[in-house]
1. If Ala197 passes every condition in (1) out of contact with any Ser or Thr (no Cβ under 6 Å at 6 or more places or on another chain); (2) of a type in the set (A, V, I, L, M); (3) buried (at least 21 other Cβ atoms within 10 Å of the Cβ) but one, which one does it miss?
2. Among Leu981, Leu1014, Leu1005, which is touching a Lys or Arg at 6+ places or on another chain (Cβ under 7 Å) and of a type in the set (A, V, I, L, M)?
3. I'd like the full set of residues that are hydrophobic (A, V, I, L, M, F, W, C) and over 30 Å from the mean Cα position of the chain (by Cα), limited to region 1048-1080.
4. Taking the condition touching a residue at least 24 places away in the same chain (Cβ under 8 Å) and either touching a strand residue (DSSP E or B) at 6+ places or on another chain (Cβ under 6 Å) or not β-branched (Val, Ile, Thr) (or both), does Glu809 pass?
5. Please go through region 1039-1074 and give me each residue that is more than 21 Å from Val1205 (Cα to Cα), small (Gly, Ala, Ser) and part of a helix (DSSP H, G or I), ordered by number.
6. Look at region 580-630 and say how many of its residues are among the hydrophobic types (A, V, I, L, M, F, W, C), out of contact with any Asp or Glu (no Cβ under 7 Å at 6 or more places or on another chain), assigned to a loop (DSSP other than H, G, I, E, B) and farther than 14 Å from Leu528 by Cβ.
7. Go through the residues of region 204-213 one by one and say whether even a single one is among the aromatic types (Phe, Trp, Tyr) and within 29 Å of Pro578 (Cα to Cα).
8. Residues to consider are Ile482, Ile477, Ile446; find the one that is touching a Phe, Trp or Tyr at 6+ places or on another chain (Cβ under 7 Å) and of a type outside the set (Gly, Ala, Ser).
Amino acid sequence: MNQAHLPTTGRSFWLKLIACVGLWFALIVSAAAKPDEIRVLIVTGIDIAAHEWQKTTPAIKAELGKDSRMKVEVLDDPYRLEATDLSKHDVVFLHFNNWEKPDPSEKSKADLKKFVEQGGGLFVLHFASGAFSNWTEFPALAGKIWDRKNTHDPRGPFQVRIVNADHPITQGLTVFDTDDELYTGLTGNKPVELLAAAKSKMTQSDQPMAFVHTFGKGRIFHTPLGHDVRAIQTPSTAELIRRGCAWVAGRDPLPAEMAAKHFTLPAGFEFHLVAAEPDIINPMTMCVDELGVIFATEAHTYRWGMNGSPFNPPSNPIKRITLGPDGRAASTVVVADGFADPVIGICARAGKIYATCLNELFSMDIGPDGKGVNRKLLVKDAATEWNPFGMYRVQIGPDDRLWLSIADHPRGRPVELTGSDGRQVRLNGKSGGMVRCKLDGSELEIATQGLRAPYAFDIDPWGHLWYISNGEGSPNIFVHVIPGMDYGYASRKLSYGWLAGAEPLSPPVRDMGAGANTSALHYYSSMLPQAYWGDILISNWGSHGQGSRNRMVSRFRRAKAGVSRIGTADTELTEASPFLTTSDPMFRPTGMVLAPDGGLYLIDWHGQDDENDKSGRIFKITYSGGDKSEAIEIPTPGAIARLKPAALVPLLSHSNHLVRELAERALVKTGSFALKPLGRIVVKGDAFAAANAVWTLVRMDSAGAAKTMAGALKHTDARVRAHALRQLRQATGLKLGDTASLSHSSILSPRFSRERLTKLATPLLKDPDAEVRVEAALCFVSPVAVGEALLRALEVTHDRRLRYQIGLELARRGDAASLKQLWQRDDVEDKRVALIAMENARYENTPLAELANELAVQDFPTRFKLLVKLGGSIKAGDADATLFLDRLESGELRLTGAEAELQALHLIEAVAPKQLPVKFLLACLQSDNALVQSEALLIVRQRALADPACRAAVRKIARDGTLGDVQLEAIFTLGVADTSLSKDDWLAWVKHPSKRVVTTALRALRQSARPPELVQVVMDAASVRAKDDADIAQELDLTLRMLGVSAARLDQLKLKLPGRKDKSTLAGAVLGRLANASPTLGRLSFSAGLTSCTKCHSVRADIVKSGPLLSEIGTATQPQYLVESILEPSKIIKTGFLSEHIETRDDREFTGLVQADGDRLTIISSADEKVSLHLSQVRRRDTSSLSFMPEGLEGAMTESELADVVAYLISLKAK
């Protein structure tokens, strides 16, 4: 209301009214909880004389107050609880005991129960376990209670052990000493999750010291510690109290302000909080502009979509964060919001941002108020995938072009991009890849493809592209990219080992093991010590599930050129060393970027997993150690812009990355005036400055700049010469990573003569450096010239990446004579390159494909023997797989050694030929190698037991074995697949003195329907053994129930069975059995008919199925996560394996995993049934939060069988 428009009469009345309304509004605002507050109500005021609540309550309040989020109120009369509005609080903290007094009112009890059921947190401290002594529902709330029959050790010192170090409350805590009362015998049937324990001197047994559980939607934390002020102030006890209180409130146990002390960095480094919730929530990515302003994106709908988001409404905003003098967030502005999917990539320059959202790359100008305006679509993908599989990161490369990474499309259409100029590119198969374009979205071109989740990437000063995939088991790799390479994921049928770089003909990559890496940053800036110059820092989000151990940042050193080779065994990166580790249980790094001063910004999603929990952090890492180099002057952007070319050129070697970048921009603006000083640098400057000078000339994009760049071919550093050759080739009009012959079918306008480049490249064919020779070879047009030049380059290198590139380019651009010459050489490593060339020629159908096919068939025995010698084999996806199996059965091809036999058996399983090589299988069944026998038994069990010779061989193993694993597998094979077994056969097994034999037989028996008379015989025999063995009793009970035996008959057996356990208790029991579990029996259950996990999961990298690959699951995850995934499959679903609900136009509904192929969808149900639909038949598709993996598997397996399956999964580790 404008005062000027108030009526003259009664103006004072209106002014008073405005003042009152303003005061009223201010009071409401001040009373409302801040987004990060945790409102705690301590209920106290009654206790026994030994518990001085008047002293302990202030101590509790003080300890909670060390977490600035805690806003504590005290209710010093429990009987006033009925008049208290609990909805104004996040946590009710019970700190009283009405030992000889009546309980608080029934209304108080009902209100407290409702508060917890609806999601409120409950904290039970010390003797509050004995509160509400006449309330029958309190044990379910508290988990365990003091029931007056219990006691405690005399007050004194004892040690508290952390028994679950993976829980957010206890992660990072260690064993600690305290002086307190140690309660014994707390009672209660409610399953709880034990976090800490201590051994009682009185009972000589462990007693719970901290545990958690849930009631309705609410969380409860209970600790019997905290007898008095001294006990409460014990540092670790106080930490448990603070963390437990935050956890029951649904918040991060560690407040942002205290985060720094939970991170470990090398000496001299410092860790600073920059921003936290509510300023930033679940940050997905960030960038920093030249003025130091941060742009960050929040993910409200990651994976779970609009319906699964905890935000109402979700908006996935882009935020602009301006820092204050202290380096902390001073103001936050929403640049843009209203996105249905998260913005996963962002970069900024000169008042403009470039960002990706699912299937769009767009730009926006930043207005004076920080808001985004003038949004322009630059690149669009025709496919609309599920949001973790859209466009990923975007950055402006050193060539002044936008570089973009795009995920594979496992369920939808292939990646088909259209730029702003209408130009289209399509990636092979359903693979992901990387492209680049101009800043306006024009001139799209493919840099590489055949990638799985290429989440992040970086370009080093010498023009080499590096990308990192995100997601273990897929595999999780770091790649020094070969330009134009198709790495094969979702574009061709390849094994996991090939994709992971572990096979002799696979392109070199580094398998990163467990976790999901989120950024890879080459460090070339001014803050860190000189020893870090050129190192690569990689952030790891960690494995799925609570308690992931690999959430960290690692440091990789670059090895000197020519000293090491790239690959899994030989690599141009030295082994990783930890750079940053943490005990913060919620730390989940999603990215890392350089700050203007050369420090590091680290963004933290902050959560137990990838759920949206409304928290988030941005940190900064700085260095102030004693070996820090002298302070380096960093000129301002304005000062740099005013410099002349002669003063700008020296800045190309400046240690600060932003100074170099601003100098390059300024030089580009000066145009031809900068060519002369740049020409001197590219010839005689230091290597780093020369490389940056080449980039500056590339950005100028002119004939004069290309001519000046040619001077770099005379530089003494080979990296500069190779870099210049790559850029000059593109200046002649070639695409990046052009896979066609050297023609002008280019999207670029030529800036340099092809003839001139060929002339300049000719003397470099004899360069001492192999990379220079390769780059020079690719400057020629004639296949003969290219082939001969590539072979000359091969003579001077042992680098695996370069040798693979030579094979690839020979297949694409070389001649037949060069390929024949290479294949006829005696050197094994040269033959490897020839095989690589043949494989790529056949895959890409290049002009050399016909010769490659001819050599493959004519010299098959030679080629196979060479593969084996190199450590490889024929794989299911190979064109020669059927030829291999035919020659194996005919006897033309003979295998020697267990390794070769295993590889052949793996191929038989993967290919599943119509005609099995029975002679070979029989030989394997008779092998003296247990692994060979086991693999053969698996194939026979699945397909060949009907063959009399195979059945006889299996019976011999079952009869004549020494009760080893192979004999058990033979018994299981016969029990599952041999319908000719007699009652005597079964009786011999169920009466066997070995418990493992009896268990194996019972598990085999329940895999299919059996005649009633056989069931009766087994029941009579096994029930005798079951009376003395609880595990056999469980196995028999489950077997009989699954075979249809009535409950009445089962009751007559009077088997001693444990009570039914809820999932939480069952999980604990299974984990407790792992030490004595059998991976062998677990393998059999894993592949058994009724609970067959192999319908959807493969444990072999060369066999692709609808569910996640489990070949290295034991390396990647913790046992707790495996148990949880079996018992609660929908709790955490691996990215890429969410099921979908499909509604058709004729009112049919389907739920399952969806695979897309062109205009058709295949829906795979949990029963492994497949339905194919045309896209035109689909009315609606929705992502489901339910797992494709069926619920209730615990009902089809005994407790010990579950433990065996988990033990088997744990045994599946990286070789």
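1. (3)
2. Leu1014
3. If the condition is that a residue be hydrophobic (A, V, I, L, M, F, W, C) and over 30 Å from the mean Cα position of the chain (by Cα), then Ala1048, Leu1050, Leu1053, Leu1055, Leu1057 are the ones that fit.
4. yes
5. Scanning region 1039-1074 gives Ala1047, Ala1048.
6. Within region 580-630, residues that are among the hydrophobic types (A, V, I, L, M, F, W, C), out of contact with any Asp or Glu (no Cβ under 7 Å at 6 or more places or on another chain), assigned to a loop (DSSP other than H, G, I, E, B) and farther than 14 Å from Leu528 by Cβ number 1.
7. No, region 204-213 contains no residue that is among the aromatic types (Phe, Trp, Tyr) and within 29 Å of Pro578 (Cα to Cα).
8. Ile482
The values are calculated or read from the model by the stated rules, or taken from the named source; none is laboratory data. A quick note: this is a predicted structure, and the numbers were derived from the prediction, not measured. Reconstructed Cβ throughout: ideal geometry from the backbone, glycine too, with neighbour counts over all protein chains shown.
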